[in-house]
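Scroll down for the structure; my scribbles are underneath it.
Since every read-out is calculated from the coordinates, none of them should be taken as a lab result. These numbers were taken from a predicted model, which means no experiment stands behind them. No Cβ is skipped: glycine too gets one built from the backbone with ideal geometry, and neighbour counts run over all protein chains shown.
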Amino acid sequence: MNALDAIRTALDALRANLLRTSLTMLGIVIGVAAVIAMVAVGSGARNQVLQQISSLGTNLLLVGQGSVARGGLRLGAGTAASLTEDDAIAITAEIPEAEIAAPYVRWGLQVVAGNQNWNTTLFGVTPDYLDARTWTVAAGRGLSDQDVAQNNKVILLGHTVVEKLFGGGDPVGQTVRLLSTPVTVIGVLAAKGQNSSGQDMDDVVFVPLSTAKRNIPGMAKANPRFIHAMAVKVREGYDVPEAQRQIKDLLRQRHRLVEGQDDDFWMRDLSEVAATRDASSRALSFLLAAVAAVSLLVGGIGIMNIMLVSVTERTREIGLRLAVGAKRRDILMQFLIESTTLSVIGAGVGVVLGAGVALMVARAAGWPVLISLDAVILSVSVSGMVGVFFGLYPARRASQLNPIEALRHE
């Protein structure tokens, strides 16, 4: 019996008991479907996290105002007007690890364009802020040092603001009002989507830092050098935690904080926040992989069970084959091909089912999915090995039957 004859005989045997064959494949189908869905959803989630990390900016630290206490009552983060533009200048001058320290102020206000208006978040920034956050300009031009130095009344609009005020049209060159202050649109920011907290990063507008402080009502402070926070970009190849420690020491020194006194600022490593979310998605992937492994194991045991039943049912057939000259390796190959065929067909069905489940999850929950060809090949290969492993014992048992006793079997 050649390999083609063995495959044909195996398929005929499987078709003879179609319902039993289908139920036997169910464990393999579920296991492979779980693998495909898990890899698709997990890869999509990790891809989204990587995009979010990239959108936040690489090696980025945020430094913001801390809290103050009055009469024993702590007023919360942002109440200590402790940071200034001079702090940002000192960080870039005295800390080699810091490539950029971009100061900014932020405010929620209404932007008006013609008869349309939208409440958004205004940022007063320097050109370095766009570099620190790896934020590009999709249309028009970005802010320049001259805009900041000359207090120019210009503005960059986020993608969401453009949609709300101009319906997606080109706003470059048009005038919008920030409360009572008219400013000219010089550019549109490239879309960034949501951050790791689900906040729309495109619902923002940027103006020069000097313009925000001097011309926007409600932004003026007693200290003209005041800022809300700064974005510090650490140079590539440098240790972010070490840079964080040095920045902390420098700010405590500049703010004259004595030992034991609380910081009047806070620092956050955005890459670390995104990496935590990535670790969570990996943990979920490992959990789903464990479920898939158990399903494949159960499917393999089912294949072994049904193959043992098949050997018992076909004992006379096996005896007859051996009696007319079939070799034991032919019987072994026949039953191995049957078990492997069960696994591979089940894997094929599982791939289709897993892809369908992944797409349904993407549509229902809004999660990204990424169906990997490597995952498909791996799943089918593992399923084939499961078929060989769990089919080997029944196949060996069939091949070692005594022809005379097999022919007498009732």
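Points worth noting:
- For the stretch 386-399, backbone phi angles converted through the Karplus equation (6.51, -1.76, 1.60; θ = phi - 60°) give residue-by-residue couplings of 4, x, 5, 5, 7, x, 5, 5, x, 5, 5, 4, 5, 6 Hz, Gly and Pro being listed as x.
- ³J(HN,Hα) computed for each position of the stretch 121-134 - Karplus, 6.51 cos²θ - 1.76 cosθ + 1.60, integer Hz, glycine/proline x: 10, 9, 10, x, 9, 9, x, 5, 4, 5, 5, 4, 8, 6
- Taking 16 Å as the straight-line reach from the Cα of residue 213, the aspartates and glutamates in range (excluding those fewer than 8 positions away in the same chain) are 85, 86, 145, 147.
- Projecting the Cα atoms of 134, 243, 185 onto the charge dipole of the stretch 114-255, computed from C-beta unit charges around the Cα centre, puts 243 farthest toward the positive end.
- The order of the peptides 161-173, 204-216 by mean Cβ neighbours within 10 Å, most packed first, is 204-216, 161-173.
- Annotation: amide H of residue 137 within the under-5 Å range of 190, sequence separation 5 or more or interchain, hydrogens built in the peptide plane.
- Taking 23 Å as the straight-line reach from the Cα of residue 233, the lysines in range (excluding those fewer than 8 positions away in the same chain) are 192, 248.
- Peptide packing for 298-309, 242-253 was compared via the average number of neighbouring C-beta atoms within 10 Å per residue; ordered from the highest value, the list is 298-309, 242-253.
- Think of each Lys and Arg Cβ as +1 and each Asp and Glu Cβ as -1; about the Cα centre, that makes the dipole of the stretch 96-223 roughly 500 debye.
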